[in-house]
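Everything on this sheet refers to the single structure shown next.
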Amino acid sequence: MFSNLTERLTSVVKDLRGRARLSEGHIDAALRDVRMAMLEGDVALPVVNDFIDQIKVQALGEEVIGTLTPGQALIRVVRDQLTHLMGDTNAGLNLGVQPPVVILMAGLQGAGKTTTTAKLARHLSQVHKKKVGVVSCDVYRPAAIEQLNILAAEVHVDCYPSDTQSKPVDIAKSALQQARMRFVDVLIIDTAGRLAIDDEMMRELTALQVAVDAHETLFVVDAMMGQDAINTAKAFNDSVPLTGIVLTKADGDARGGAALSVRYVTGKPIKFVGVGEKIDALEPFHPDRIASRILGMGDVLGLIEEVEQKVDKEKAEKVARKLKRGKGFDLQDFREQLLQMQNMGGLSSVIGRLPGASELTDQVKDNVNDKELIKLGSIIDSMTIQERQYPAILKSSRKKRVAAGSGTQVQDVNRLLKQFNQMQKMMKRMSKKGGMKNLMRGMGGRTPPGMQF
């Protein structure tokens, strides 16, 4: 998400950063570039106009021109306005009421409501440590009920029974009664979608809201719809009282205009954003962090939180203890590191959150190839336990067998072994006294071995 917008705005930021003096002409030129970048990024025209006007008022005042570093000051104004446009701060769910907290999921068919219901259940269960139950009130699409049953089992939450012969309101009331009896903290209700907005759909949603006294009604919208996402969100908000928005498929939209517009148009906060197909690919929406990422300033806080949630601390400590005792770093350890990286969305996802990532050269970006991580993992999986522990025994015949088993070439196996040897040397440096200094001295400013694909 935002890759096109980030690319355009980063070049504006880069030009401004070095300027010790700004004239009104410089500011007008910079804002023209910002305006064009946002329009090409599918941001709604009224949103762009208001955004530019707000920046210009501040840019021409003492806040920018009157400072010793006007370029930096203007960048700060743009970042602050971007943050304000998207809602200033993260708007969390209202979980402080008498349980069970009832969350209603609304949206058009195909927006990803059922998957998002399961993702949200997982998030509340694992991150907030809540006991969660889910139920499907989509009686028009039998597959939706079965889909939610399967996903609920995958994320280890209760899924209450429903069938296509029952009325949605009756299903919701029954689920709420069961949730109370089982002392559930949060009940998430997946509602039916339609191909387009219609009166019957809105009446059904309103009836469900009243029947279960919903504390949260989240509108799930596909970010790839672009301008249509904004119009649909507004139509829903005009008919049904919403409390927040969930943007799905944000990883597939390089423009990101919906995220910048939907909060402005509806007045409702974006609470979560779906960033992939995996069941853990749902993130709380932090406007300040997103603004920094759009301007190429990174999201280190988000990266730290992701590491804390997705990295297996026990396995990481096991490798650390092994290195401390002077025992070798073997291919099984290397495989674990690859899996940890994949759990965090791959190298490109990690690097994308670092400050200055947008300014990396194409050569460095080409080296960061997540498909190669999968290939390396397949090669290691095709080895025996003994081969993973003692890679030196991998001679010609064994390499051919491993290549055939992983669907790769012998050259790929050789490349993996070469990279592994480099990483093994790096780990040895780190295990010695003054390890990090030795490591940095040995690298001499080059890309780390594990990234050179």
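Bear in mind these aren't lab numbers, they're just calculated from the coordinates by the rules spelled out. These figures come from a predicted structure and were not determined experimentally. Cβ placement follows ideal geometry from the backbone for every residue including glycine, while neighbour counts extend to all protein chains displayed.
One table, with the values for the structure above:
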{"item": "Likely footprinting exposure, V134, V410, fewest C-beta neighbours within 10 Å first", "result": "V410, V134"}
{"item": "For R388, R32, R263, order by how many other beta-carbon atoms lie within 10 Å, fewest first", "result": "R32, R388, R263"}
{"item": "Gyration tensor (alpha-carbon) shape descriptor, the stretch 136-183, a/c threshold 1.5", "result": "oblate"}
{"item": "Listed residue pairs exceeding 23 Å between alpha carbons, taken from K130/K167; K56/K268; K129/K278; K173/K234; K371/K418; K130/K234", "result": "K130/K167; K56/K268; K173/K234; K130/K234"}
{"item": "Sorted by Cβ density within 10 Å, fewest first, the residues D222, D185, D213", "result": "D213, D185, D222"}
{"item": "Coil-residue trypsin sites (Lys or Arg not before Pro) of the stretch 68-130, DSSP, other Cβ within 10 Å capped at 10", "result": "K129"}
{"item": "Point-to-point label distance, K129-H84, nm (Cα→Cβ direction, 7 Å offset)", "result": "3.9 nm"}
